[in-house]
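Student: Dumping the structure here so I can ask a few things about it.
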Amino acid sequence: MWAFRSVDLKAWNARLRAVPGLMATIRAGLFLCLILIAGLLIGGAGTYLYLSPSLPDASTYRDLPIQTPLRLYGVEGSLLAEYGERRAIPLELEEIPPLLVRAVLDTEDKRFYSHKGVDFISLVDDLAYLLWNREIGSGASTITMQLARNLALSFERTFVRKLKEILLAFKLERELEKDDILEAYLNLVSFGKRAYGVQAAALAYYGKEVGELELAQLAMLAGIPQSPNLGNPVNGPERALRRRHVVLVSMYRQGSITKEEYEQADAAPITARLYERELDYSAPYVGEWVRQQLYARYGEAIYSQGFEATTTIDPRQQSAAVNAVREGLLSYDRRHGYRGAERRIDLGDKADIDIDSEALLEDSMSYGPLEPAIVTHIGEREFTAFDRFGAKHIVDWDGMRWARPYMNESYRGAAPKTAADVVARGDVIRLRATSAGSMALSQIPDIQGALVALDPEDGAIRALVGGFNFYLKQFNNALLAERQPGSGIKPFVYSAALEHGATPASIFMDAPITLTTEDVSGIYRPQNYGGRFHGETRLREALFRSINLVSIRVLQSTGIDPTMHHLERFGFDLEGVERNTQIAIGGGRLSVSPLDMAKAYAVFANGGFAVTPYAVIEVRRTNGRVLERPMPKRACDVCRSDSGDYVLPAPRVLDERNAFIMRSMLQDVIGLGTGRRALALGRRDIGGKTGTTNEADAWFNGFHPHLVGVVWMGFADNRPLGNNETGSSLPLPVWVEFMREALSEVPEAPLIQPDGVVSVRINPATGSLATPGDSEAIFEYFFEENSPNARRVTQARDSEAAKDVL
């Protein structure tokens, strides 16, 4: 106990006065102290008045801006793409493990709940560090100050920045509750590797949600924010371990963990590695298309301000489309021979154990199912290769016997007899896993391809693939490849003919024809595929056989101008296209994209309406605020939404009777003509048309009443595809495999005959009304006013009228 004695103030005063000059010194000291205090107050006020205007108003942080990347979702909510430098997944404080909260508080700011934004005890230490070392330290930054720095200030260590940090911290403390500040900090602080916030960091380094992590992992995360780039466990594992030790010691000293928990966690090895955010399915071509649309409307904000968009993409159909296109391109590539190794590395006389394949293949990426590998040993009929992860693979003869050398698009060299005929030591090649679990030799396809699938009812794109692999070539063939449509244009030419009086039973001559041109020769003699002629041919048969010469005569019969006007109604851009017979067979300057063809064929599928393709259902922010929700026009005369509200109808561009008859004719392309491979689907409600142009483009344009699918394949430089490569052999198998999955749960849709269409028995050879008992007779559809019966009645009336005149 302290003992206090009464003090004789008069005696002390007398003693002080007895000392010469002492009172003057004391008065001078007190005066200087007052001046110093006043100076500090004035300086502080001046500093506040000078710096305060440059600081944001703390009230703006009531809803703290957590920067999150643009995320695109499929129609049912699965993630298909993500864009932006920052990955943040905000959590509420109650969702964050208490041990992680304690780890952060014990290490970064143990007096967080008692100070008012600035920890003056730590600040004194930091001032001493400044005076001693003549540089700004970092130990005095509270969580509030760190949040202020993350929100509005730079990370540069300057005295002015430190003062701003303190002032803004005071502002934040006045505006926000402590728990709100802590929650914001844990959601906003950088953990390196583009991860911001504890949830994103847990997924980035451990591939788990933060609630699933163990103490050692939580402590590791808590130590990263001090140096997120150099001190994370991927870039700086040793530094991260030292920092984790500091965190665990702090937790133990503060009583947050027991000694046993501390020792066990401190001894744990690093289990962190970089986990990329996994997408639910692959749709990078769609993602990039949508990203471009959103960027055009909202700018750079989409990458950081929590933009989300729900797309029309169906994950099952998208996956089926990706697989079908890849298989189709790989199948073509394999049929045409092996082009050799991508490159060759000199391995010298190194043994397999001394070959660092990971380093040698560091610049070789995986593309889809194709993995890079380097050949290290060659046997009689097998070879050994190591992939970029250091895994060893032995490729047997079945995995390489296909690799006859590529000569050109139509010819291959001799079949290999040994593995040495195919590969050499040091070759960098591509391997692909087989269904049997072994590895086979493969190669990146040189040929390009695309697939577009959309709902003909409103134009919603359900699947889109722009090439073999987006990360190999970003060019989106589905949207941007302008190619000749070939025979894929014929249905639109025939539809124009129906509109101008022709019928599916109309007879046209399939015979040689000579046309004049404006080039030097002045003569053009078009040919049929295969060089054969069929003589008199019905319009329906000419379409399913894809007879070029009939198509030209149909165009001549209808007229070029009426036909071109008809094509424009389907959305074809004919500006600059020559007004000649090339239109009938999809040649000349006529060029279209796969999306153009899908939009056009949707008119046949939906009964005559021009729908507009679209890919975005809704754009919103992560706070739930909807920015846009497009209302697409639907294929109907009087439309109601699922909720019963009226919606805008798409413009009708084709008589529904015309669409019905064309659909029936295109179903015959599959049942009887060039699309017969699609019979493998076992459906009667599908139709389509093949297309091949000068052996350089191959198409299949097909549809179901609820889904249109277009597949294109060809080379970027327009070189020929090779002998016997057509729309039937190349894109049609891709379309079949896609539709097999896409329609697997869709019931058969009957072809409903509209009013104004009649079915009449005709003779297939003449196209005329069949006589009673005609054993060859078939049924054919007609516009009612153009049917043989209507014509007979009209002829009879004309005959009677003539008799009356006479």
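Student: Consider His500 against the criteria (1) crowded, with 21+ Cβ neighbours inside 10 Å; (2) over 29 Å from Asn724 (Cα atoms): it satisfies all of them except one. Which criterion is unmet?
Tutor: For His500, the exception is condition (1).
Student: Quick one: in segment 85-108, which of the residues that are buried (at least 20 other Cβ atoms within 10 Å of the Cβ) and touching a Phe, Trp or Tyr at 6+ places or on another chain (Cβ under 6 Å) is modelled with the highest pLDDT?
Tutor: Looking at residues that are buried (at least 20 other Cβ atoms within 10 Å of the Cβ) and touching a Phe, Trp or Tyr at 6+ places or on another chain (Cβ under 6 Å), I get Leu105.
Student: Condition first: surrounded by fewer than 13 Cβ atoms within 10 Å (Cβ to Cβ) and either within 30 Å of Pro284 (Cα to Cα) or of a type in the set (A, V, I, L, M, F, W, C) (or both). Now tell me which residues in segment 366-390 satisfy that.
Tutor: Result: Phe389, Gly390.
Student: Run down Arg401, Arg425 and say which single residue is assigned to a loop (DSSP other than H, G, I, E, B), in contact (Cβ under 8 Å) with a residue 60 or more places away in the chain and more than 24 Å from Leu472 (Cα to Cα).
Tutor: Result: Arg425 is the single residue among Arg401, Arg425 that is assigned to a loop (DSSP other than H, G, I, E, B), in contact (Cβ under 8 Å) with a residue 60 or more places away in the chain and more than 24 Å from Leu472 (Cα to Cα).
Student: May I pose another question? Please determine whether any residue of segment 544-552 is among the aromatic types (Phe, Trp, Tyr) and part of a loop (DSSP other than H, G, I, E, B).
Tutor: If we filter segment 544-552 for residues that are among the aromatic types (Phe, Trp, Tyr), which is where we start, we get 544.
Add one more test, that the residue is part of a loop (DSSP other than H, G, I, E, B), and what stays is none.
No, segment 544-552 has no match at all.
Student: Now, a different point. So how many residues does segment 629-640 have that are free of Cβ contacts under 8 Å to residues at least 60 places away in the same chain and within 14 Å of Thr310 (Cβ to Cβ)?
Tutor: Looking only at that region, the number is 2.
Student: Has segment 683-693 got at least one residue that is open to solvent by 30 Å² or more (accessible area, probe 1.4 Å), without any contact (Cβ under 8 Å) to a residue 24 or more places away in the chain and either over 30 Å from Ala88 (Cβ atoms) or in a strand (DSSP E or B) (or both)?
Tutor: Checked against the condition, which is being open to solvent by 30 Å² or more (accessible area, probe 1.4 Å), without any contact (Cβ under 8 Å) to a residue 24 or more places away in the chain and either over 30 Å from Ala88 (Cβ atoms) or in a strand (DSSP E or B) (or both), segment 683-693 yields no hits at all.
Student: Can you name the residue in segment 575-600 that is in contact with a helix residue (DSSP H, G or I) (Cβ under 8 Å, 6 or more places away or on another chain) and part of a helix (DSSP H, G or I) and, of all such residues, is modelled with the lowest pLDDT?
Tutor: My answer is Thr581.
Student: Could you list all residues from segment 353-365 that are open to solvent by less than 50 Å² (accessible area, probe 1.4 Å) and in a loop (DSSP other than H, G, I, E, B)? If you could, list the steps in order and put the result at the bottom.
Tutor: In the first step, residues of segment 353-365 are kept if they are open to solvent by less than 50 Å² (accessible area, probe 1.4 Å); the result is 355, 357, 361, 364.
Scanning segment 353-365 gives Ile355, Leu361, Ser364.
Student: Return the only residue of Leu751, Leu732, Leu721 being more than 15 Å from Gly675 (Cα to Cα) and surrounded by 20 or more Cβ atoms within 10 Å (Cβ to Cβ).
Tutor: Going through Leu751, Leu732, Leu721 in turn, just one is more than 15 Å from Gly675 (Cα to Cα) and surrounded by 20 or more Cβ atoms within 10 Å (Cβ to Cβ): Leu721.
Student: For Lys350, work out the one condition from (1) closer than 30 Å to Thr418 by Cα; (2) buried (at least 17 other Cβ atoms within 10 Å of the Cβ) it doesn't fulfil.
Tutor: For Lys350, the exception is condition (2).
Student: Touching a residue at least 60 places away in the same chain (Cβ under 8 Å) and either crowded, with 22+ Cβ neighbours inside 10 Å or in contact with a strand residue (DSSP E or B) (Cβ under 6 Å, 6 or more places away or on another chain) (or both): which single residue out of Val653, Val647, Val710 fits that description?
Tutor: Among Val653, Val647, Val710, only Val710 is touching a residue at least 60 places away in the same chain (Cβ under 8 Å) and either crowded, with 22+ Cβ neighbours inside 10 Å or in contact with a strand residue (DSSP E or B) (Cβ under 6 Å, 6 or more places away or on another chain) (or both).
Student: Does Asp446 count as assigned to a loop (DSSP other than H, G, I, E, B), open to solvent by 30 Å² or more (accessible area, probe 1.4 Å) and closer than 30 Å to Gly688 by Cβ?
Tutor: Here the answer is yes, as Asp446 does meet what is asked.
Student: Could you please find all residues in segment 486-509 being touching a Leu at 6+ places or on another chain (Cβ under 9 Å) and in a loop (DSSP other than H, G, I, E, B)?
Tutor: Passing the criteria: Ala502, Thr503, Pro504, Ala505, Ser506.
Student: Looking only at segment 767-787, count how many residues are surrounded by 16 or more Cβ atoms within 10 Å (Cβ to Cβ), under 53 Å from the mean Cα position of the chain (by Cα) and aliphatic (A, V, I, L, M).
Tutor: The qualifying residues number 1.
Student: Just name the residue that is surrounded by the most Cβ atoms within 10 Å (Cβ to Cβ) out of those in segment 458-485 that are assigned to a loop (DSSP other than H, G, I, E, B) and out of contact with any Pro (no Cβ under 9 Å at 6 or more places or on another chain).
Tutor: My answer is Pro485.
Student: Still on this structure, I have one more. Looking at (1) among the aliphatic types (A, V, I, L, M); (2) farther than 19 Å from Pro504 by Cα; (3) modelled with pLDDT under 95, which one does Met739 not meet, given that it meets all the others?
Tutor: (3)
Every residue, every condition in (1) modelled with pLDDT of 95 or more; (2) outside any helix (DSSP H, G or I), yes or no:
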| site | (1), (2) |
| --- | --- |
| Leu279 | no, yes |
| Ser282 | no, yes |
| Leu294 | yes, no |
| Glu300 | no, no |
| Arg326 | yes, no |
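Student: Using the structure shown, decide if Ser664 is without any contact (Cβ under 8 Å) to a residue 12 or more places away in the chain, open to solvent by less than 50 Å² (accessible area, probe 1.4 Å) and not hydrophobic (A, V, I, L, M, F, W, C).
Tutor: Working: without any contact (Cβ under 8 Å) to a residue 12 or more places away in the chain: no; open to solvent by less than 50 Å² (accessible area, probe 1.4 Å): yes; not hydrophobic (A, V, I, L, M, F, W, C): yes.
No: the conditions fail for Ser664.
Student: Moving on. Of all residues in segment 400-443, which are under 27 Å from Asp697 (Cα atoms) and open to solvent by 70 Å² or more (accessible area, probe 1.4 Å)?
Tutor: Arg404, Tyr406, Met407, Tyr411, Arg412 - these are the residues of segment 400-443 that are under 27 Å from Asp697 (Cα atoms) and open to solvent by 70 Å² or more (accessible area, probe 1.4 Å).
Student: Where residues in segment 252-275 are in a loop (DSSP other than H, G, I, E, B) and in contact (Cβ under 8 Å) with a residue 60 or more places away in the chain, which of them is farthest from Val452 (Cα to Cα)?
Tutor: Gln254
Student: Take Pro526 and tell me if it is over 26 Å from Glu575 (Cβ atoms), touching a residue at least 24 places away in the same chain (Cβ under 8 Å) and not in a helix (DSSP H, G or I). So that I can check it myself, show each step before the final result.
Tutor: Details: over 26 Å from Glu575 (Cβ atoms): no; touching a residue at least 24 places away in the same chain (Cβ under 8 Å): yes; not in a helix (DSSP H, G or I): yes.
Considered against the rule, which asks whether it is over 26 Å from Glu575 (Cβ atoms), touching a residue at least 24 places away in the same chain (Cβ under 8 Å) and not in a helix (DSSP H, G or I), Pro526 comes out as no.
Table: residues versus (1) among the aliphatic types (A, V, I, L, M); (2) open to solvent by 80 Å² or more (accessible area, probe 1.4 Å); (3) under 46 Å from the mean Cα position of the chain (by Cα).
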{"site": "Ile513", "(1), (2), (3)": "yes, no, no"}
{"site": "Ile523", "(1), (2), (3)": "yes, yes, no"}
{"site": "Gly531", "(1), (2), (3)": "no, no, yes"}
{"site": "Phe544", "(1), (2), (3)": "no, no, yes"}
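Student: Any chance you could count how many residues in segment 694-707 are touching a strand residue (DSSP E or B) at 6+ places or on another chain (Cβ under 9 Å) and surrounded by fewer than 23 Cβ atoms within 10 Å (Cβ to Cβ)?
Tutor: 2
Student: Considering each residue of segment 735-748, count those that are under 25 Å from Ala635 (Cα atoms) and either of a type in the set (A, V, I, L, M, F, W, C) or buried (at least 17 other Cβ atoms within 10 Å of the Cβ) (or both), and give that number.
Tutor: Residues that pass the stated criteria total 6.
Student: What residue, of Leu213, Leu186, is open to solvent by 10 Å² or more (accessible area, probe 1.4 Å) and in contact (Cβ under 8 Å) with a residue 24 or more places away in the chain?
Tutor: Leu213 is the lone residue from the list that is open to solvent by 10 Å² or more (accessible area, probe 1.4 Å) and in contact (Cβ under 8 Å) with a residue 24 or more places away in the chain.
Student: Just the residues that are of a type in the set (A, V, I, L, M), open to solvent by less than 40 Å² (accessible area, probe 1.4 Å) and outside any helix (DSSP H, G or I), please, taken from segment 601-635. Let's see the steps before the verdict.
Tutor: Residues of segment 601-635 of a type in the set (A, V, I, L, M): 602-603, 605, 610-611, 615-617, 619, 626-627, 631, 635.
Remaining after also requiring open to solvent by less than 40 Å² (accessible area, probe 1.4 Å): 602-603, 605, 610-611, 615-616, 619, 635.
Matches in segment 601-635: Ala610, Val611, Ala615, Val616, Val619, Ala635.
Student: Which pairs turn up if I take residues in segment 590-602 that are within 18 Å of Lys633 (Cβ to Cβ) and look for partners that are open to solvent by 10 Å² or more (accessible area, probe 1.4 Å) and assigned to a helix (DSSP H, G or I) with beta carbon separation below 6 Å, at least 6 apart in sequence or on another chain?
Tutor: Every condition considered, the pairs that remain are Leu595/Leu479.
The values are calculated or read from the model by the stated rules, or taken from the named source; none is laboratory data. What you are looking at is a predicted structure, and each value in this text was computed from that prediction instead of being measured. Here Cβ is always computed from backbone atoms with ideal geometry, including for glycine, and neighbour counts include all displayed protein chains. Remember, those area values only see protein heavy atoms, side chains included, never the ligands or the DNA or RNA. Shrake-Rupley method; radii C 1.70, N 1.55, O 1.52, S 1.80 Å.
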